[in-house]
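Each remark here refers to the structure printed beneath this line.
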Amino acid sequence: MDEKIINSCPNCCQTYSLKSLAPEPKSNIPLFIKCGHSICECCVRNIVKSGEPIECKICLRTMEIKTTDIAKLLQNKIQLYSLFPVNVNVLGELALKMIVEKPEVEEKKAQEYFIDLQAILDSTDQTQGQCLECHGSTTKMCQQCATVICASCFEKSHKNFVVFKNHVLQNIELKVSTNNCKVHCQKSLEYYCKDCAKSVCMDCLMVGSEKSCKNHDVVSILEINEKFLSDLREILPQVDTTFRRLTKTAVDIGHQLVKMDNDSGSPELLQVSASIEQHFSKLQAIVQNHRQEVMENISRLRRIERESLLRVRDEVATAIKQSKQLMNALKSALDCEKNQTTNLSTLLEEAKCIVDRPWCLTKAESDKDKLKVCVSEELCLLVSDYVQLVGNAQARYGLRSSSQLAAVPPPPPQPVFPPTRGMVE
């Protein structure tokens, strides 16, 4: 595959998507199950409602769900994500895709996938030439004069002459390849050498060299052409069959390119990609659960720290209340009229306790037990080779002739033209 990666649920084969923003919870976001693989939220909810165990389509393990948990889920007493954590890695990719990717304004043209067969036929059936009078490009010629002339000049000037009145405008005749010798340029190929099975010129016969046909069995080209005409008539239907087969192959290639661009081609690679995604999904589930355990320990330590701070706060509140009450009692005892009946020794003891009461907030930490993070780098090195591709699956397309095929399919009855733009999917 290319950059595009298929993330689909192995249970319903639907692509994961962020549809949870809808009013009804029918999203296709990936959720972890107990074995570590992922399935979409829609499948999880349907299976939970049915009360059946969840069977992983990847490792074929079964996840039993407690009846009490099912009851709590149906009564909305607990969240679905507490039993089935979200695959945050795939979810992040989906969110990033929604933000980064821009919607296509228009669909791709069919010309990007399919060969323009009509243009090829037009270019071969109609020979372009230059008009003898206006020097413009044209595909027409005068049949009788054998001169290239456009339709406009033919009507304006050519037919104005009485002598040209019966002349007819036709397409420019296709020129057969030049009948000149490749070794001796500008020499006509007037003979055929049966020993070499090739056409030769006079110089090929007369000039002595390694490629000379001087002492070979040579006949006139006109004499041998009769046999070639018979062979050409026999092979013409075969050429037409090959032409029709080529047009069908061209359309098949276009459809294959469309499938590849739509991430629906090359089923073998798609299956491998889905398997890789599920393997990494399992690894991500293990990492995510381990991360959750570590963060729960952090939360536990934070909770202990907070509870101790709340306890100290209550102690401070009690001490403030007691000290204020004692201050009021001391002020009353210092009144000369009342100090005769007050137990001053008890007040003095209480005052000493208040004075000796701790009041400064401190945080007890031990350097020996100081919290720190310890990472196993060796484990990271092992994970780097967790998934590897073994083997060679470099599929390359090519062409084969009829003689190279074990079974030759019948050719199409007519040339196959590519579909129109609206039909390309």
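Note on the chain: with neighbouring protein chains present and a 1.4 Å probe, carbon and sulfur make up 56 percent of its accessible heavy-atom surface. Solvent-accessible area per residue in the chain equals 77 Å², computed with a 1.4 angstrom probe and all protein chains kept. Judged by the gyration tensor of its Cα atoms, with axes a ≥ b ≥ c, the chain is prolate; a/c meets the 1.5 cut and a/b is the larger of a/b and b/c.
Which of rounded, prolate, oblate describes segment 245-299, given a ≥ b ≥ c as roots of the alpha-carbon gyration tensor eigenvalues and a/c under 1.5 marking rounded, otherwise prolate only if a/b is larger than b/c? Cα axes put segment 245-299 in the prolate bin. Picking from V200, P30, T147, whose Cα lies most toward the positive end of the charge dipole for the chain (charges on Cβ: Lys, Arg +1; Asp, Glu -1)? Projecting each Cα onto the dipole axis, the largest value belongs to P30.
So how far, in whole Å, is the C-alpha centre of segment 76-98 from the one of segment 202-241? About 77 Å separates the Cα centre of segment 76-98 from the one of segment 202-241. Sequence-distant or interchain residues sharing an amide H contact under 5 Å with E133, placed H: which? Placed amide hydrogens put C150 under 5 Å from E133. Between rounded, prolate and oblate, where does segment 159-261 land on the alpha carbon gyration tensor, with a ≥ b ≥ c its root eigenvalues, rounded for a/c under 1.5, else prolate if a/b exceeds b/c? Here segment 159-261 falls in the oblate category.
Compute a Gaussian network model of the chain, connecting alpha carbons closer than 10 Å, and tell me which residue from D369, D116, D69 fluctuates the most. Taking springs between Cα atoms under 10 Å, the residue moving most is D369. The largest accessible area among K372, K159, K363 belongs to the first residue in K372, K363, K159, and the rest follow in falling order (1.4 Å probe, all chains).
When the surface is traced with a 1.4 Å probe over the full set of protein chains, L236 keeps roughly 110 Å² accessible. In this structure V162 has an accessible area near 130 Å², from a 1.4 Å probe over the protein heavy atoms. When the GluC sites (Glu not before Pro) in segment 267-345 are filtered for DSSP coil states and for at most 13 other beta-carbon atoms within 10 Å of their beta-carbon, the remaining sites are E337.
Summarising the amide proton neighbourhood of K198: residues at separation of 5 or more, or on other chains, whose placed amide H is nearer than 5 Å comprise C193. Accessible area of R300 (1.4 Å probe, protein heavy atoms only, ligands and nucleic acids ignored): about 100 Å². Considering only L399, H184, L73, the residue lying farthest towards the positive end of the dipole of the chain is L73, judged by Cα position with unit charges set on Cβ. Remark: the chain carries a charge dipole of roughly 880 debye about the Cα centre, counting +1 on each Lys and Arg Cβ and -1 on each Asp and Glu Cβ.
When S402, S212, S137 are compared by accessible surface with a 1.4 Å probe, the order from highest to lowest is S137, S402, S212.
The values are calculated or read from the model by the stated rules, or taken from the named source; none is laboratory data. Values in this document were obtained by computation on a predicted structure and should not be read as measured data. When we count neighbours, we look across all protein chains shown, and the Cβ atoms used for this are built from the backbone with ideal geometry, even at glycine. Calculation scope for accessible area: heavy atoms of the full protein, side chains included, ligands and nucleic acids excluded. Shrake-Rupley method; radii C 1.70, N 1.55, O 1.52, S 1.80 Å.
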